[in-house]
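Some notes on the structure that comes next.
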Amino acid sequence: MTDPEREDRRQQPKPKKEQLLSPATAAKKLGLYLPATPDEFQATPITRTEMQALNDSPPEWLTTLRRDGPHPRDEVSRRLGVSNSALARAGVSDHMTTTEIRALLDERPEWLVAEREKHAPGTGRPPGTAVGERPASVSSTIDLDDDDDADDAR
């Protein structure tokens, strides 16, 4: 009295498809300015596996873009040590090369010093000053021998 074996009619799971990222999303995740990337990168979606391969062994064009730029606003603000809003307030372009960023850091315009001080106190100081270190201020010295007030209270 055994039942005959039944055929398994459950739906079989579908093989997983590789997730595709748009060129804009891939560029953002790689920290790149999309218009500066090669045409083939801009034209085709990229898989997560290809993205990992680009990070693990970057091609020459990726290495050059990361080193020399142009860099997107997020990277420019990170390298300058200010917020994205600070760049907008200063009227700085959406993308800059490494050379332009270095020139700004060397010339240290007033807006950059002020914005760096807002973003991270102590970083608006001239080069050579440690971050967070404040110059010694002239403070009033307390005369420990002056205890006349203490004698009056007795």
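Each value in this text was obtained by applying a stated rule to the coordinates, not by laboratory testing. These numbers were taken from a predicted model, which means no experiment stands behind them. So basically every Cβ, Gly included, is an ideal-geometry build from the backbone, and we count neighbours across all protein chains shown.
Side notes on the structure shown:
- Here the relative contact order of the range 69-126, from alpha carbon pairs under 8 Å that lie six or more residues apart, stands at 38 percent.
- Binning the alpha carbon pair distances of the range 19-67 at 5 angstrom intervals from zero yields the distribution 5, 23, 37, 30, 6, 0, expressed in whole percent.
- Put simply, the amide H of L20, placed in the peptide plane, has no neighbours under 5 Å, leaving out anything fewer than 5 places away on its chain.
- In order along the range 56-71, the phi-based Karplus estimate (6.51 cos²θ - 1.76 cosθ + 1.60, θ = phi - 60°) of 3J(HN,Hα) comes to 6, 9, x, x, 4, 4, 6, 4, 5, 5, 5, 7, 9, x, x, 9 Hz; Gly and Pro are listed as x.
- For M96, nonlocal amide neighbours, meaning residues 5 or more places apart or on other chains whose placed amide H falls under 5 Å from its own, are H71.
- Using R0 = 35 Å, the C-beta based FRET efficiency linking V113 and E50 works out to 0.25.
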